Every structure is written in C-alpha cells, then in structure tokens.
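The values are calculated or read from the model by the stated rules, or taken from the named source; none is laboratory data. Model, not experiment: these values are computed from the prediction. Because the Cβ atoms are built from the backbone with ideal geometry, glycine has one as well, and the counts that use them run over all protein chains shown. Surface areas here come from the heavy atoms of the whole protein model, side chains and all, with no ligands, DNA or RNA. Shrake-Rupley method; radii C 1.70, N 1.55, O 1.52, S 1.80 Å.
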Amino acid sequence: MSKIFQSVKGTKDILPDETPRWRVLEQTVHDFMNRWGYKEIRTPVFEQTDLFVRSVGKDSDVVSKQMYTFLDHGKTSLTLKPELTAPVIRAYIQYNIALSGGVTKLYYIDSLFRQERPQKGRLRQFQQFGIEAIGSPHPEQDAEVITAAYRLLQELGIRTMTLKLNNIGNKSSRVRYRDVLIEFLSDHLDRLSKTSQERIKTNPLRILDTKNPEEQTILEKAPHILDFLDEDDRKHYDEVLTYLDQLGVPYEQDHQLVRGLDYYTRTTFEIISPKLGAQDALCGGGRYDDLVEDLGGKPTPAIGFAAGIERILLAMDEKNMDSLEPAPRIYLAAASESARSTIFKLGIDLRNAGLFVDFDILYRSLKSQLREANRLNCVSAIIIGEDELIEGVAQVKDLQSGEQTPVDLDTIADYFLP
RNA sequence: GUGGGCGUAGCUCAGCAGGUUAGAGCACCUGGUUGUGGCCCAGGAGGUCGUGGGUUCAAGUCCCAUCGCUCACCCCA
C-alpha cells in the first residue's frame, strides 16, 4: 500500500467545476485593465530575498516570519514572492520602463506565497490581481487607482463592501507622529499586549490596527495621525477625498488604517467585505512615493493596490458564471464492435472540421454511450452499427426530440457545419 | 506559534446511554428495451468508521496519542 499524497497545507486545487468562475473573473480583470489603460506584467515566482527585506521591511510580519526562503546552489538566498509590488518595481527599474515616458501603468494576476496558518480567506499560496501606477504624485492618480479597485470589484459582482481610507503622511510627518504616539503609548505600557510592547520599538504605527479590545480603548484617546500631516499631505488627502466624492465612490475615513507593509506613504486604503470571516480585506493598497528610489531607481512617486482573488470569489454574489459553460456537443456512439474504429476516426475528423464532439473510449455498451451523451448535454448523437457500416450511413439522433435520421457518412461533417 | 470545532461510502450527512451482517440521499453500475439516453421501477457495487494504542465480554460510539481539515488569535489579500 502506497502513501496517498495530499495537496500541501494552505494550498488549494482549483478543480474543473471551479475553473469557469476563475476564468470569468480573470477575463473581467483583463478587459477592465485594458479599458483603463493598464498593461499586463508577469514577474518570476521567486526573487532575491533582499528585495523583499528592503521594500516590505524587515520588521514586517511578512518578512520576519512568513516568507518561503531557500538557498539557490547553497549560496544565493531566494524567496517565493510574498507580495507583488516589489517585483514589479524591480522590473520597472531593471528595464528602465520609465523611459517610454509618462505614467507607467501596470497590472498583474499572479500567485504569492506566505507561510501562515491557513483559515477562511487565507492560504499559503494565493492569488491576487493588482495595479501599479508609477510616475504621478498627484491626487488624481490616487483617485484613479482607488476608483479602479472599487469599480472593478463592483464589476466582478461584489455588492456590499466598504472602502476605508487614510493618509499616513510622508516620511517626516510620520516620524513626528511616531514620536508622539510612542510617548502616548508609553503611559499605557502595562496594558499593552506583548507584541505591541515589542512593536513600540520596531513599528509603533502598526499598533493602531490591533483588534485587541483593551488596546482599542486605549487607542481611542491616542493622537490622530491626520493631525500631524504637513500642509502638502493634508492638501493631497483633501483633494483625493474630493475626487472620490465627485466620482461617487463611497468611503469611510479610518485614521487607524496603517497596513503591514513598510513602504507606504500618504494614501492607504482597504476594501473590506462583510461576507468574509475575520480576514475580510478584499483589496488593499496605497501610495509608495519612496520605494522606487529605495530600490535604486530615480525618485518616482507611485501608487497601487492588490486584491485577493480567493477572497473575492468567496465574497462574490453568484452572477453570470455560466458564460463559459461548454458548448453543445455531438456524441458519437458505436452500436457494434465493428463500428468502434470508424467512430474513433470519424470523431477525430469531425473535431478537425471544427465540431465539438466526444465519443466512448471505454468499449461501453450503446446504452451507456447514450447515457454519457445525455450527461454531457449533447444536442445530438451519431450512431453507427453493423447496418450503417454496410450502407455507409450514420443515424443522427436528435437528443431533444429523440428523432433519428440516416445521413451519408461522406457528408456527415457538412450536415453539422453551418 | 496558541486556542476551539470536526474527521463514517466519490459527495452531503445519519448512527439513539458502547451490544450481533455500519445506514440514507445524491452520484455510479446492471437489468426492465437480444443496437438507443433523459423519467420510472428492480437489483448491484462501493467503507480496515483518519491512524495507532488503551479501557471493556463487546468500541463508529469511551480514554490517550498522532495525523489531517476547519475556524479564530497574531497578521494580511
């Protein structure tokens, strides 16, 4: 007896009855991006580990405990990508994509990997689609990206969702806020969780999005980051809000929305769905005006988002998913052993002629073959047996009405072709 | 890494306080139609009750361990 293998914990097979939903979703994304002027980019599944350490941040959870890292040839440290912005920006810099001028608008649909305990809406290998708009610092760009996320989710059939929005300022305003926050939290140190106490040193802002009720009550009195924005940040934020109002995109301001990746500046946002469990973010993103430079490129502002496909599929209200249902088929059935090879060759020929046909390859009884035809939802069956071989005809049976008509074998393709 | 729930047929599940050959529905196969599907009827195949150990005259049922799944914490899509 041999071991039965299972898919690895946190990974999922997408079985044939689910793939149509995926294909509809992917097609919708491609069409949408095309309309909005974003070009597809595909990057390798792994990158040098350092790319993520330097972009996402070494104290982030993603880098500190969730990466699938291995040594290539025993020396180079590589990592299965745990997020997609850094690789895209890496490629952007590497190929000087900026040289083609203007704002570089890229999108992707891709797998990523994080070593976490799986739960509803969270897998170790999961898929996202997302966009990166590189080159413009202006609020219109923020509004475009956020609106794109919102509208695309709507187009995918998400009915109820909440867009949460914040501005975490530029580097220097954030440092000012950071200090004040640390001071505030220090007064409540004993009531903070262990991780939060740790985080005061590493990344105090992250304490803001805790779910711990005790910490939440403390934070109610904490200073707001919005009060520490400088004039430019403030103006930028207000203009983004104004544009969203004008575009009819509903949002909620959430001054505690911080997000776990270190590269964000100014605008951060998240779209959550009530149909999910604890992991309710369908989409998250924000501006990252320093990342391109941090990764060795010229100083270039940018903003993007990423959305979790598995989560969207969970949150989606069932809609027109039948658009990719298999087209009607013709089933070829052998009524005698002698007809089998004729059926087989004819079947392949008809496929070559462009018809959608199937036939038995298990030497099953005629009865089983017709049952199969029915199961496959075939429109008609072509039945050939001893008599038909002699006469050079096939019985074409309409599976709806049950009517049967003899058709010349030589002309059978024409009979079905329009 | 921590905690809760669950593991019985391909699927969804039942199995009363432990008691003889472990059930249902759907799916599957065969026959009713000696070459013709769907509906109906009759029959059939399919389970070492996740795995290992223990308690007991007797374990799917109780206990322990282990593996797996799942939800939640942490964090994120």
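Quick check for you: with a 1.4 Å probe and neighbouring chains kept, what is the accessible area per residue of segment A:72-117, in Å²? Don't jump to the answer; show the numbers that get you there.
On the way: 2120 Å² over 46 residues.
Value returned for segment A:72-117: 46 Å² of accessible area per residue.
Taking every pair of distinct Cα atoms and averaging 1/r, then inverting, what Kirkwood hydrodynamic radius in Å comes out for chain A?
Numbers: mean 1/r = 0.0396 Å⁻¹.
The Cα-based Kirkwood calculation yields 25.3 Å.
Once you've got the Cα coordinates, tell me which of A:201/A:275; A:39/A:75; A:12/A:201; A:81/A:164; A:12/A:58 are over 30 Å apart. If you can, show how the numbers build up before the last one.
Numbers: A:201/A:275 35 Å; A:39/A:75 35 Å; A:12/A:201 37 Å; A:81/A:164 26 Å; A:12/A:58 28 Å.
Table pairs above 30 Å Cα-Cα are A:201/A:275; A:39/A:75; A:12/A:201.
For segment A:227-270, list log₁₀ I(q)/I(0) at each q in 0.18, 0.25 Å⁻¹, using the Debye formula over Cα point scatterers of equal strength and ignoring solvent, two decimals each.
-0.61, -1.07
Could you sort A:171-180, A:234-243 so that the peptide with the highest average Cβ count within 10 Å comes first and the rest follow in order?
Numbers: A:171-180: 15.1, A:234-243: 17.1.
Descending mean neighbour count gives A:234-243, A:171-180.
In nm, give the distance between the simple-model label positions of residue A:117 and residue A:348, each being 7 Å from the Cα along the Cα-to-Cβ direction.
About 5.5 nm, to one decimal.
In sequence order, what are the phi-derived ³J(HN,Hα) couplings for segment A:188-203 according to the Karplus relation 6.51 cos²θ - 1.76 cosθ + 1.60 with θ = phi - 60°, rounded to whole Hz, with x for glycine and proline?
10, 3, 5, 8, 8, 5, 4, 5, 5, 4, 5, 5, 4, 7, 8, 7
Would you kindly state how much longer the chain becomes between residue A:159 and residue A:414 on full extension, computed as 0.36 nm times their sequence separation minus their alpha carbon distance, in nm to one decimal? Mind dumping the intermediate values first?
Numbers: separation 255, 0.36 × 255 = 91.80 nm, distance 4.70 nm.
That pair, residue A:159 and residue A:414, stretches by 87.1 nm at full extension.
Using r as the Cβ-Cβ distance of residue A:211 and residue A:375, and R0 as 60 Å, what FRET efficiency do you calculate, to the nearest 0.05? Intermediate values should be presented prior to the final figure.
Details: r = 49 Å, r/R0 = 0.81.
E(calc), rounded to 0.05, equals 0.80.
What are the lysines whose alpha-carbon lies under 21 Å from the alpha-carbon of residue A:397, with same-chain residues fewer than 8 places away excluded?
Result set, ordered by chain and number: A:345, A:367.
Can you compute the helix-only [θ] at 222 nm over chain A? Use -39500 (n - 2.57) per DSSP H run of at least 4 residues, normalise by all residues, nearest 500 deg cm²/dmol. Provide the component values of the computation, followed by the final result.
Values: 15 runs with 153 residues, N = 418.
The per-residue figure over chain A is -11000 deg cm²/dmol.
Got a sec to turn the phi values of segment A:269-278 into Karplus ³J(HN,Hα) couplings, 6.51 cos²θ - 1.76 cosθ + 1.60 with θ = phi - 60°, whole Hz, x for Gly and Pro?
8, 8, 10, 10, 10, x, 7, 8, x, 5
From the square roots a ≥ b ≥ c of the eigenvalues of the alpha-carbon gyration tensor of segment A:327-416, which class results: rounded (a/c under 1.5), prolate (a/b over b/c), or oblate?
Values: a/c = 1.22, a/b = 1.07, b/c = 1.15.
Rounded, since a/c falls under 1.5.
Given H placed on each backbone N at 1.01 Å, which residues far from residue A:302 in sequence or on other chains put an amide H within less than 5 Å of it?
A:135, A:288, A:289
Would you work out what percent of the accessible area of chain A, with all protein chains in place, is carbon or sulfur (probe 1.4 Å)? Could the numbers behind the result be given before it?
Details: 10670 of 21630 Å².
Roughly 49 percent, rounded to a whole number.
What's the extension gain from residue A:34 to residue A:355 if we count 0.36 nm per residue and subtract their Cα-Cα distance? Could the numbers behind the result be given before it?
Values: separation 321, 0.36 × 321 = 115.56 nm, distance 3.15 nm.
Contour length minus Cα-Cα distance gives 112.4 nm.
Cut-off 18 Å, label point 7 angstrom out along Cα-to-Cβ of residue A:201: give me the residues of segment A:140-182 whose amide nitrogen falls inside.
A:179, A:182
Identify which of A:297, A:260, A:354 has the largest mean-square fluctuation in a Gaussian network model of chain A, with springs joining Cα atoms closer than 10 Å.
A:354
Identify the residues of segment A:6-45 with backbone N under 11 Å of a label point that sits 7 angstrom from the Cα of residue A:72 along the Cα-to-Cβ direction, or state none.
A:44-45
Using r as the Cβ-Cβ distance of residue A:220 and residue A:279, and R0 as 30 Å, what FRET efficiency do you calculate, to the nearest 0.05? Show your work: numbers first, answer last.
Values: r = 24 Å, r/R0 = 0.82.
Once the sixth-power term is evaluated, E becomes 0.75.
Counting only other residues whose beta carbon sits under 15 Å from that of residue A:186, what net charge do I get with K and R as +1, D and E as -1? Walk me through the numbers before you get to the answer.
On the way: positive: A:178, A:191, A:199, A:201, A:221; negative: A:179, A:183, A:187, A:190, A:198, A:215.
Residues near residue A:186 contribute -1 overall.
Does segment A:102-206 classify as rounded, prolate or oblate by the C-alpha gyration tensor (a ≥ b ≥ c root eigenvalues; a/c under 1.5 gives rounded; else a/b over b/c gives prolate, otherwise oblate)? Walk me through the intermediate numbers first.
Working: a/c = 2.23, a/b = 1.43, b/c = 1.56.
Since a/c reaches 1.5 but b/c is at least a/b, the shape of segment A:102-206 is classed as oblate.
Over chain A, calculate the relative contact order: mean separation of alpha carbon pairs under 8 Å at least 6 apart, over the residue count, as a percent. Could you put the intermediate results ahead of the total?
Working: 690 pairs, mean separation 65.1, N = 418.
With pairs under 8 Å counted, the relative contact order is 16 percent.
If the elastic network links every pair of Cα atoms under 10 Å, which of A:150, A:38, A:95 fluctuates the most in the Gaussian network model of chain A?
A:95
Angle check, please: helix A:171-186 long axis (alpha carbons) against the longest principal axis of chain A (alpha carbons), in degrees 0 to 90, nearest 10.
70 degrees
Give me a comma-separated list of calculated 3J(HN,Hα) values for segment A:106-123, in order, Karplus coefficients 6.51, -1.76, 1.60 applied at θ = phi - 60°, integers in Hz, x for any Gly or Pro.
Using θ = phi - 60°, the values come out as 10, 9, 8, 10, 7, 8, 9, 9, 9, 8, 10, 6, x, 7, 4, x, 9, 10 Hz.
So if we plug the beta-carbon distance of residue A:362 and residue A:390 into 1/(1 + (r/R0)^6) with R0 = 30 Å, what FRET efficiency do we get, rounded to 0.05? Walk me through the numbers before you get to the answer.
Numbers: r = 25 Å, r/R0 = 0.85.
Here the calculated transfer efficiency is 0.75.
If the chain between residue A:230 and residue A:50 were fully stretched, how many nm would it gain, using 0.36 nm times the residue separation less the Cα-Cα distance? Don't skip to the answer; put the middle values down first.
Numbers: separation 180, 0.36 × 180 = 64.80 nm, distance 3.21 nm.
Net length gain for the segment: 61.6 nm.
How big is the Kirkwood radius of segment A:1-123, worked out from every pair of different alpha carbons and given in Å to one decimal? Intermediate results must be reported in sequence, preceding the final value.
On the way: mean 1/r = 0.0587 Å⁻¹.
Radius from the Kirkwood sum: 17.0 Å.
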